[in-house]
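Following: one structure in structure tokens, then a few remarks.
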Amino acid sequence: MALVLGLLSAIGPFAIDMYLPALPAIGASLRADIGAVQMSLTAFFLSIGIGQLLYGPVSDMVGRRPPLVFGLVLFALASVGCALATDVHTLIVLRFVQGLGAAAGMAIPRAVVRDLHTGTEAARLMSLLMLVFSVSPILAPLAGSGVIAFAGWRGVFWAVAIAAVAGLVLIGTSLRETRPAAERVESSLGGAFRAYALLLRDGHYLGLVFIGAFAMAGFFTYLANSSFVMIDHYGLSPTMYSVAFGVNAASFIGMSQFTAPLGVRFGLVRVVKVGVIASAAAMLVMFAFFATGHDDMWVLLVLYFIASAFMGLVIPTTAVLALERHGAIAGTASALMGTLQMLAGAAVMGIVGLFTDGTPLPMVCGMAGGAMVALALTWVTLGGRRAHRAMVAH
């Protein structure tokens, strides 16, 4: 189950990570500047966030499998359109549609986890899902650079269309329905609106969602800017950039596998606190280094390796804690979480994009800023009495 859910979750991110080494080539091919090319990435993030608002309630109403199938079909068709795009504006529009399809694979697998488990068992399955899901940032840029060398940047979109077809085969052969018909009886469109209203009034849920959101915002900023910084500023080849990107992703994967055993021993709340504090500390050191006029690729890579590792404790654990109290509306709660996190990431990417000049400092500012907001939210959400109540509950 973890393998299937992880692969379905990874199809959308694969369309991001495989695409990264191609960004400079797309700009040259379509005669577009850095900002326009980055907008095709931001459009994908926006739509993958907005789309989850629809898929979550629908999956509560009709089951988990049908909306997954619809999303992957839409994703595959849009991917073919991206492969055939002749200007950057068409590419941006089609990337938006592609993100709407990918949103199904982002929202629904988390709801399936909540259908099956809670507490540390959910954390264990979520971390296994993250293990498969997180292989994407390691393999996808390398695969992307290989495809680009062989077939150009358009080949990337043909490749992800094939991945979507493979996902449809997985759903048909290996994914059982985890939302029985009896549990769908009370789900309706009106119920979805009431559920969203309930969630938006739940400060504890929102706090956990935005801790994860701003922990990930640094990663999104790195996604949008690192290819220009590493390839154009530091002179790495697309393949070496892919290796550097993958090494940092490996630290996230490795640490995320400790969430369940650490949660059993220390409690999930303490795991989140330690992860956020350590990640923020590494980001602050990185910011201080570059803000004082220094510039060294190895300092950037090593400190981000450390920060990524501790984010591996934060992101799956905050997801489990946020969904814990909302099992009856797990699809809706997962969808709102995904939407808010993607929109927060897209907003940070957009703000950093206004200051992007190809040097590391704007990117580092965005990464450090996201980590500091996550730290502040952790203090507000899980500090003092709230932390005690959450630890008692879990």
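Bear in mind these aren't lab numbers, they're just calculated from the coordinates by the rules spelled out. Owing to the predicted nature of the structure, the values given are computational and were not obtained by experimental measurement. Positions of Cβ are generated from backbone atoms using ideal geometry, with glycine treated the same way; all protein chains shown enter the neighbour counts.
A compact table of results
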item	result
Check: the chain dipole with +1 on Lys, Arg Cβ and -1 on Asp, Glu Cβ, in debye	1040 debye
Size of charge dipole - segment 147-276 - debye, nearest 20, with Cβ of Lys, Arg +1 and Asp, Glu -1, no other charges	280 debye
Dipole of the chain [Lys/Arg +1, Asp/Glu -1 at C-beta], most positive-end residue of Thr173, Phe228, His204	His204
Anisotropy class of segment 2-393 from Cα gyration tensor, a/c 1.5 cut	oblate
Residue among Pro180, Pro238, Pro57 with the largest mean-square fluctuation in a Gaussian network model of the chain, springs linking Cα atoms under 10 Å	Pro180
The chain, relative contact order in percent, only Cα pairs under 8 angstrom and at least six apart counted	27 percent
Burial ordering of Ile11, Ile351, fewest other beta-carbon atoms within 10 Å first	Ile351, Ile11
Choice from Ala166, Ala151, Ala280 with maximal GNM fluctuation in the chain (Cα, 10 Å cutoff)	Ala151
Fluctuation leader among Leu284, Leu189, Leu223 - the chain, Gaussian network, Cα springs under 10 angstrom	Leu189
